[in-house]
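S.K.: Let me begin by handing over the structure; questions about it come next.
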Amino acid sequence: MSASFQKTRKYGLVAGVWLFIVPAISSAHFLELIPQHAVVSEQTGRSINLDIQFTHPMASGPRMDMGTPVRFGVMTRGEKEDLLGSLTKEEDDEKRHYSSGYSIQQPGDHVFFIEPEPYWEPSEQAMIIHYTKAIVSAYGGDGAWDQLVGMPVEIEPMTQPYGLWSGNLFRGVVLKDGEPVPGATVEVEWRNDGSVAIPSDEFVTQTIKADQQGVFSYAMPRDGWWGFAALLTADKPMKNPDGETVDVEEGGLIWVYVQDME
């Protein structure tokens, strides 16, 4: 055995061990719609900011380039308000994301929602559309936290989605065109603030199967924002940027904030 082969073999083994010990972390796509506050009160003030980006929350990135949203608004007491004009486009490393400011004008539950421009993901050979919402309680709420926006795929919360302590159980039902989806797959990720090191891929995205009524549940172990993504394949395909007919992943997402009990 030549010295050069021995050297190559040695480094090959080292590289193999290194790849085994430190694998690349993979994670799911999530459209983030993150309000500055989940509960608005006299202490917080009526103005809130909302951050919007398409990313991998648990892995803290990378961010994907996000086209101009199709819809962005808020629903209060059954009335929808168009907020597309309030969006501010931001760009980092040629990856677009958005922010918005909103002033709460009345008490009650405010359901912020967004429909993004379809995103082409070559690795999945699919277009991705994540219909996303987050509920903000203002000055006590009004018990309308389960009101539906009417998106093609949507999670209806069965647990009040704010005022939650870490360890609380969140329950929801997956709906497609307003009807429950038996056995739907729901992916769950925590929006990592950098305080948690990920031991391996298995800890990045939690996966749940809904029951025959489309109902799922998950106990959130840590404070912060948790994203729940119900993922379905759309009935109709779509053209990708190259003009090829491909499947469409339709996601119904909801973001829920959890606080530690101190």
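The values are calculated or read from the model by the stated rules, or taken from the named source; none is laboratory data. As the structure is a computational prediction, the values presented were derived from the model and not from experiment. Methodologically, a virtual Cβ is constructed for each residue, glycine included, from the backbone with ideal geometry; neighbour enumeration extends over all protein chains shown.
S.K.: Of all residues in region 42-67 being of a type outside the set (D, E, K, R) and out of contact with any strand residue (DSSP E or B) (no Cβ under 8 Å at 6 or more places or on another chain), which is surrounded by the most Cβ atoms within 10 Å (Cβ to Cβ)?
M.R.: First, the residues of region 42-67 that are of a type outside the set (D, E, K, R): 43-45, 47-50, 52-62, 64, 66-67.
Next, only the ones that are out of contact with any strand residue (DSSP E or B) (no Cβ under 8 Å at 6 or more places or on another chain) stay: 43-45, 59-60.
On the way: 43: 7, 44: 14, 45: 12, 59: 18, 60: 16.
My answer is 59.
S.K.: A further question follows. When residues of region 140-169 are filtered for being under 24 Å from residue 233 (Cα atoms) and of a type in the set (A, V, I, L, M, F, W, C), how many remain?
M.R.: 6
S.K.: Inspect all residues belonging to region 173-180 and state whether any of them is surrounded by fewer than 20 Cβ atoms within 10 Å (Cβ to Cβ) and outside any strand (DSSP E or B).
M.R.: Applying the first criterion (surrounded by fewer than 20 Cβ atoms within 10 Å (Cβ to Cβ)) to region 173-180 yields 176-180.
Then keep just the ones that are outside any strand (DSSP E or B); that gives 177-178.
Within region 173-180 (the criterion being surrounded by fewer than 20 Cβ atoms within 10 Å (Cβ to Cβ) and outside any strand (DSSP E or B)), the answer is yes, since at least one residue qualifies.
S.K.: Considering region 28-60 alone, what residues qualify as being of a type in the set (A, V, I, L, M, F, W, C) and not in a strand (DSSP E or B)? Reasoning before the result, please.
M.R.: The first filter runs over region 28-60 and keeps only residues of a type in the set (A, V, I, L, M, F, W, C), leaving 28, 30-31, 33-34, 38-40, 48, 50, 52, 54, 58-59.
28, 38, 58, 59, listed by residue number.
S.K.: Quick check on my filter: what residues within region 68-93 are surrounded by 15 or more Cβ atoms within 10 Å (Cβ to Cβ) and of a type outside the set (Phe, Trp, Tyr)? Quick ask: steps written out before the conclusion?
M.R.: Narrowing region 68-93 to residues surrounded by 15 or more Cβ atoms within 10 Å (Cβ to Cβ): 69, 71-76, 83, 86-87.
Within region 68-93, 69, 71, 73, 74, 75, 76, 83, 86, 87 meet the criteria.
S.K.: Among the residues of region 189-198, is any surrounded by fewer than 15 Cβ atoms within 10 Å (Cβ to Cβ), over 20 Å from residue 30 (Cβ atoms) and in contact (Cβ under 8 Å) with a residue 12 or more places away in the chain?
M.R.: Initially, region 189-198 is screened for residues surrounded by fewer than 15 Cβ atoms within 10 Å (Cβ to Cβ), giving 193-198.
If we keep only those that are over 20 Å from residue 30 (Cβ atoms) as well, we get none.
Checked against the condition, which is being surrounded by fewer than 15 Cβ atoms within 10 Å (Cβ to Cβ), over 20 Å from residue 30 (Cβ atoms) and in contact (Cβ under 8 Å) with a residue 12 or more places away in the chain, region 189-198 yields no hits at all.
S.K.: Could you please let me know if residue 167 is surrounded by fewer than 16 Cβ atoms within 10 Å (Cβ to Cβ) and not in a strand (DSSP E or B)?
M.R.: Yes.
S.K.: Looking at region 108-123, which of its residues are part of a loop (DSSP other than H, G, I, E, B), more than 16 Å from the chain's Cα centre (by Cα) and either small (Gly, Ala, Ser) or under 16 Å from residue 55 (Cβ atoms) (or both)? Full working, then the answer.
M.R.: The initial filter retains those residues of region 108-123 that are part of a loop (DSSP other than H, G, I, E, B), namely 116-118, 122-123.
From the residues that got through so far, the ones that are more than 16 Å from the chain's Cα centre (by Cα) too are 122-123.
If the condition is that a residue be part of a loop (DSSP other than H, G, I, E, B), more than 16 Å from the chain's Cα centre (by Cα) and either small (Gly, Ala, Ser) or under 16 Å from residue 55 (Cβ atoms) (or both), then 123 is the only one that fits.
Yes/no matrix, rows are residues, columns are (1) over 22 Å from residue 124 (Cβ atoms); (2) touching a residue at least 12 places away in the same chain (Cβ under 8 Å):
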position: 152; (1), (2): no, yes
position: 162; (1), (2): yes, yes
position: 170; (1), (2): yes, yes
position: 208; (1), (2): no, yes
position: 215; (1), (2): yes, yes
position: 227; (1), (2): no, yes
position: 234; (1), (2): no, yes
position: 237; (1), (2): no, no
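S.K.: May I pose another question? Which residues, counting only those in region 208-231, are under 24 Å from residue 54 (Cβ atoms) and loosely packed, with under 11 Cβ neighbours inside 10 Å?
M.R.: Across region 208-231, there are no qualifying residues.
S.K.: Would you check if residue 191 is within 15 Å of the chain's Cα centre (by Cα), among the charged types (D, E, K, R) and modelled with pLDDT of 95 or more? I'd like the intermediate steps shown before the answer.
M.R.: Details: within 15 Å of the chain's Cα centre (by Cα): yes; among the charged types (D, E, K, R): yes; modelled with pLDDT of 95 or more: yes.
Yes.
S.K.: Here's something else I'd like to know. Tell me which residues, restricted to region 201-248, are assigned to a strand (DSSP E or B), of a type outside the set (A, V, I, L, M, F, W, C) and touching a Phe, Trp or Tyr at 6+ places or on another chain (Cβ under 9 Å). Spell out how you get there, then give the answer.
M.R.: Going through region 201-248, the residues assigned to a strand (DSSP E or B) turn out to be 206-209, 215-219, 224-233, 238-239, 245-248.
Adding the requirement that they be of a type outside the set (A, V, I, L, M, F, W, C) leaves 206-207, 209, 217-218, 224, 227, 233, 239, 245, 247.
206, 209, 217, 218, 224, 227, listed by residue number.
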